[in-house]
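To start, the structure itself, in structure tokens.
The values are calculated or read from the model by the stated rules, or taken from the named source; none is laboratory data. Since the structure is predicted, the reported quantities are computational estimates derived from the model, not experimental observations. Because the Cβ atoms are built from the backbone with ideal geometry, glycine has one as well, and the counts that use them run over all protein chains shown. Remember, those area values only see protein heavy atoms, side chains included, never the ligands or the DNA or RNA. Shrake-Rupley method; radii C 1.70, N 1.55, O 1.52, S 1.80 Å.
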Amino acid sequence: MASTDDKVILKSSEGECFEVDMAVASHLQIVKSVLEDCEGSSDKVVSLFIVEAKYVAMIIEYYKNYVELKEKHEEGGFEEKLKEFEKQFLEQIDKKELKGLVMAVNYLNAPALFDVVCTAIAKHIENKSVEYVREYFGIVNDFTAEEEAQIREEHRWAYDGVNDD
Amino acid sequence: MALPRHLISHILTRVPAPTLRRFKKNCKQWGSEIGSSFFVRKQVDYVSRTRYREGAVLSSSARSLQFLDCENMRVELRRIDFPFDGRRGVSVIGSCNGLFCLAWMDKVLVLWNPCTKVCRDFAISGPVVRRHYGLNWLGFGYDGTRDEYKILRLHRHETAQIMEGTQVDIFSSKTNSWKELPILRWEIGLVGQSQPGTLVDHALHWLVEYVTRWENFEIDGIFRFKTVAKAILRFDLVEEKPSLILIPPDIDCRHPLYEFELRGFGGFLSLTHHNEEGHIDMWRVGLDKFKEIERFSAKFLTAAWTKIITIPCMTQLPLNKRLEPLWLMEDGKLLLHVQKIYGFITKKRKRAEEISVEQKKFYVYDPKSEEFSGCEIKGCKFFNRITAHSHTLLSPNSF
């Protein structure tokens, strides 16, 4: 098994520490480059200044499973198993938290999870009304009534099949 | 919490194009983002790279397309609404980056985005189809290196008596004209219905018969007999070069053509083989592992074929019907449809003792449990062509 040398400590914005295997942490590009910059230093603590602990935990959970599944299914079937896990992983995350998670993942530069979270948000808003989506993203409607009527006229057919959440 | 603009853009790239049009009115920033050509391009790239939400479109010569919704087992009808008169005769040549290439009455070629309803009529000089003796085969695809949409036309080049080869013409969206390519000297037969080419990996593919041997007989004049082998004609749209791919070595290449089908599922080329005993093998070709070999005095490519599914014989079907793969669904199950077989009946096929009265038109095969389950697809009308399609907002007039 991995020795303590292969561990790194990730520190959340609240100062909470997470001990993580290097194999897991190396999926976070920012952690990788920080560690490369201070190579040779015994200090293996990386501060993720703007990332809250709950998001650090989610990201670690994702990549821990990612690494494990990859090891276990080297011969094939990894993608299928990962998809299964991703589904389960996303189910336990509150829809509002997805926004915070995408910010965190973007900051940590973790491509695989970034795609997963972006797709999850896209799926969540897909069949929602404009009003819901505005509220979800905190968007202020800056169209005048005339402009809005004009757009509605142009895309009349596009309003079918909407469900309000 | 408001997300920065670039993150919103990444998320919107993954929202299906029909919904995006609705989101244009969220606010001015979203409106300009979704309407920008940069964003449209980005979504096209994402969709074509990941085959995000790719679906099957079923078509016939009728003026509407049936978008298959596997999740709800229904089809959504979309009328082909470009401004031609209402006569029938529209055929789908292909779909690429959200655009359909349609031929109308063999005279007009149109690029059409069913999502934005924008169309572009290619003012083509001369007929789309060259009516010689043989058949005309068309295919549609995209050459990303030149940002060019291309239409390929194959037809038999014939002089008075002897079949001389295959004429290849290519139409480019940039020059808006046809260009003649060197005649293919291979003795390949374009047989069967004039099926459009299967687009996978910037190349079009057709199943062809390759003449391996001619023999002369003399009985009241000279007759010529040919021995043929099945092969896949691949035409690379970037290099504008043809090649022939051998079918999997496990299959006897002398099997009749009706036992095979070529499909482009989920970004890979697959070959279906209907075995005489009634089971179906689906093969997938690794398009990156070609090797050139000499066979039948011509250069062929060998490819790495993998058998992905073997579907057992559906003994409940009457002998004049068979199952044909329709779509590989997200959960790994295969959607099949029942097709009538014309002209031949295999006697080797196993049959159930009693055939139940209730016959379904569609079946889902689960390779894990090795079981079939019959299903209905709501609203599905007659179709004879299956095309893979993804929605984008790309305008056919933007190139």
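Some values worked out for this structure:
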read-out: Condition check for residue B:90: modelled with pLDDT of 90 or more, closer than 23 Å to residue B:379 by Cβ and either in contact with a Lys or Arg (Cβ under 9 Å, 6 or more places away or on another chain) or basic (Lys, Arg) (or both); value: no
read-out: Residue within region A:7-21 that is open to solvent by 50 Å² or more (accessible area, probe 1.4 Å) and among the aromatic types (Phe, Trp, Tyr) present; value: no
read-out: Conditions (1) open to solvent by less than 40 Å² (accessible area, probe 1.4 Å); (2) within 20 Å of residue B:279 (Cα to Cα); (3) at pLDDT 85 or above; (4) assigned to a loop (DSSP other than H, G, I, E, B); number of the one not met by residue B:369; value: (1)
read-out: Enumerated helices (runs of 4 or more DSSP H) restricted to region A:110-157, each holding at least 3 residues that are open to solvent by less than 20 Å² (accessible area, probe 1.4 Å), at the interface with chain B (Cβ under 7 Å from one of its Cβ atoms) and not aromatic (Phe, Trp, Tyr); value: A:111-126
